[in-house]
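**Student:** Below is a structure I'd like to ask you about.
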Amino acid sequence: MSAVTLAELPVGAEAIVQTMPTGRSGLTRLREMGIVPGTRVRVTRRAPLGEPIEICVRGSHLSMRNHEAAFIAISPAAA
């Protein structure tokens, strides 16, 4: 079974970041903004064509493209 990624999370759903690769400059900035393993994230909306997506993480709203979100493995958040 393949891992679920942040790019697949539906609008309104919450999840916990499980893994995020290192060595990718585009993802380094996201780590600096608080998207690290163990962090709870929620997809708040998607643009009309599906990207970018807006997520809420640690009280901040961030936008990213699906190709960036596809590198972030998640697991469902407990209610």
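**Student:** Tell me the relative contact order for the chain as a rounded percent, counting alpha carbon contacts under 8 Å between residues six or more apart.
**Tutor:** Working: 142 pairs, mean separation 33.4, N = 79.
RCO, the chain: 42 percent.
**Student:** Also, I was wondering about something else. What accessible area per residue, rounded to a whole number of Å², is obtained for the chain using a probe radius of 1.4 Å?
**Tutor:** Values: 4700 Å² over 79 residues.
The answer is 59 Å² per residue.
**Student:** Treating only the Cβ atoms of Lys and Arg (+1) and Asp and Glu (-1) as charged, compute the dipole magnitude of the chain about its Cα centre; round to the nearest 20 debye. Kindly include the intermediate steps, with their values, before the conclusion.
**Tutor:** On the way: 9 positive and 6 negative charges, 29 e Å.
In debye, rounded to 20, the chain gives about 140.
**Student:** Using alpha carbon coordinates only, what is the Rg to Rh ratio of the chain, with Rh defined as the Kirkwood radius?
**Tutor:** On the way: Rg = 11.4 Å, Rh = 12.3 Å.
A ratio of 0.92.
**Student:** If you project the alpha carbons of segment 34-79 onto the principal axes, what extent comes out on each, in Å, largest first?
**Tutor:** Computed over segment 34-79, the largest-to-smallest principal extents equal 29, 21, 20 Å.
**Student:** Amide H to amide H under 5 Å from Glu14: which residues, 5+ apart in sequence or cross-chain, H placed 1.01 Å off N in plane?
**Tutor:** Ala77
**Student:** Could you check how much of the accessible area of the chain is carbon and sulfur, as a whole percent, using a 1.4 Å probe?
**Tutor:** 55 percent
The values are calculated or read from the model by the stated rules, or taken from the named source; none is laboratory data. The structure displayed is predicted, hence computed values, not measured ones. Every residue, glycine among them, receives a Cβ derived from its backbone with ideal geometry; neighbour counts consider all protein chains shown. These area figures cover heavy atoms from the full protein model, side chains too; ligands, DNA and RNA do not enter into them. Shrake-Rupley method; radii C 1.70, N 1.55, O 1.52, S 1.80 Å.
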